[in-house]
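Visitor: My questions all concern the structure below.
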Amino acid sequence: MRFFRFLLLSVWACSFAARADMPDYRAFPAEGARLLLWVASERGRAEPELQAAQQLAERGMAVWSLDPVSAYFLPQLPSSMDSVPVQDMADWLRAAQAGGKRVVVYAVSRAAVPLLRAAALLQPVERQQLCVLLMYPNLYTVAEPLTAPDFLDVGRLSGLPVRVLQPRRSAATPWLPGLLDHLTKQGALTSHVILENLREGYWMRETPTEFEMAESRRMDAMLLRELNDWGCQ
């Protein structure tokens, strides 16, 4: 069943509002020059993420928010992201670019896998027109404590600007140099930012710190700051 392709064409050819109540896809229109494609993690989409998307739209940045595991009726497991049809994701990226806005993609955790595989399917000129933000991307084939992980080969990423956002309070933080080196070898133009005093998934933890709760409410400002500091206008 080509559910996602039908959704894609509906969004591209019709209105955002017609699909606004779907649990796996939400659109937040805005008149600004930038469009953010927000790909939720394998854990699904949390309320602070939807609030941040709405706040970004109010600031002039349109947002298309996708929950892939829900869209494809997959279990909420990291391995489910490996089953997301890559061609569908590539078509989604192209549809976004066809709208004439500056396209930014933000993917969380294992959602980085189908996103980067889709980017590898694009033509070089299409890749170079994207900006990709990855929040603590899970690109590991094997990750064991105290040992260096192995990374997935997601395909050639020549010319793709990629910035990694890494919470400091994460067991994966020591692996960041290896991750960046891996992406660079695949052709990506990499940079990174350490998010101090935060843990992975800080916006959806059962027992967040006061700082994490405050940062959850400022997620829109954080994303705008990182994009602007990066020069992704």
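Visitor: State which residue is surrounded by the most Cβ atoms within 10 Å (Cβ to Cβ) when the search covers only the stretch 194-227 and only residues that are more than 17 Å from the chain's Cα centre (by Cα) and in a helix (DSSP H, G or I).
Guide: Out of the qualifying residues, it is Glu215.
Visitor: Something else about it: Determine which single condition Phe4 fails, assuming it passes every other condition in (1) modelled with pLDDT under 95; (2) over 27 Å from Ser83 (Cα atoms); (3) out of contact with any Gly (no Cβ under 9 Å at 6 or more places or on another chain); (4) not polar (S, T, N, Q).
Guide: (2)
Visitor: Leu130 is checked against (1) within 20 Å of Arg102 (Cβ to Cβ); (2) surrounded by fewer than 16 Cβ atoms within 10 Å (Cβ to Cβ) and fails just one. What number does that condition carry?
Guide: (2)
Visitor: Can you run down the residue pairs with Cβ atoms below 9 Å, 6 or more apart or on separate chains, where the first is in the stretch 66-81 and touching a residue at least 60 places away in the same chain (Cβ under 8 Å) and the partner is open to solvent by 40 Å² or more (accessible area, probe 1.4 Å) and small (Gly, Ala, Ser)?
Guide: Filtered contacts from the stretch 66-81: Tyr72/Ser83.
Visitor: Can you confirm whether Leu115 is buried (at least 16 other Cβ atoms within 10 Å of the Cβ), under 19 Å from Leu66 (Cα atoms) and under 15 Å from the mean Cα position of the chain (by Cα)?
Guide: yes
Visitor: Which residues, counting only those in the stretch 133-144, are open to solvent by less than 10 Å² (accessible area, probe 1.4 Å) and part of a loop (DSSP other than H, G, I, E, B)?
Guide: Hits for the stretch 133-144 are Pro137, Leu139.
Visitor: Being at pLDDT 95 or above, in contact with a strand residue (DSSP E or B) (Cβ under 7 Å, 6 or more places away or on another chain) and not aromatic (Phe, Trp, Tyr) is the filter here; which residues of the stretch 134-151 pass it?
Guide: Selection gives Leu134, Met135, Pro137, Leu139.
Visitor: Here is a follow-up. Test of understanding: among Pro75, Pro48, which residue is assigned to a loop (DSSP other than H, G, I, E, B) and farther than 20 Å from Ala118 by Cβ? Give the steps one after another, and end with the answer.
Guide: Numbers: Pro48 fails: assigned to a loop (DSSP other than H, G, I, E, B).
Within the list Pro75, Pro48, the selection yields Pro75.
Visitor: Given the options Asp67, Asp82, Asp150, name the one that is out of contact with any helix residue (DSSP H, G or I) (no Cβ under 7 Å at 6 or more places or on another chain) and surrounded by fewer than 17 Cβ atoms within 10 Å (Cβ to Cβ).
Guide: Numbers: Asp67 fails: surrounded by fewer than 17 Cβ atoms within 10 Å (Cβ to Cβ); Asp82 fails: out of contact with any helix residue (DSSP H, G or I) (no Cβ under 7 Å at 6 or more places or on another chain).
Answer to the check: Asp150.
Visitor: In the stretch 145-188, how many residues are within 17 Å of Ser109 (Cα to Cα) and part of a loop (DSSP other than H, G, I, E, B)?
Guide: 9
Visitor: Now, a different point. I'm trying to understand the selection: among the residues of the stretch 81-128, which are closer than 21 Å to Glu49 by Cβ, β-branched (Val, Ile, Thr) and in a helix (DSSP H, G or I)?
Guide: Hit for the stretch 81-128 is Val113, nothing else.
Visitor: Under 29 Å from Ala57 (Cα atoms) and among the basic types (Lys, Arg) - does that describe any residue in the stretch 145-157?
Guide: No - not one qualifying residue is present in the stretch 145-157.
The values are calculated or read from the model by the stated rules, or taken from the named source; none is laboratory data. This is a predicted model, so every value here is computed, not measured. Positions of Cβ are generated from backbone atoms using ideal geometry, with glycine treated the same way; all protein chains shown enter the neighbour counts. Each accessible area value is taken on the protein alone, full model and side chains, heavy atoms only, with ligands, DNA and RNA left out. Shrake-Rupley method; radii C 1.70, N 1.55, O 1.52, S 1.80 Å.
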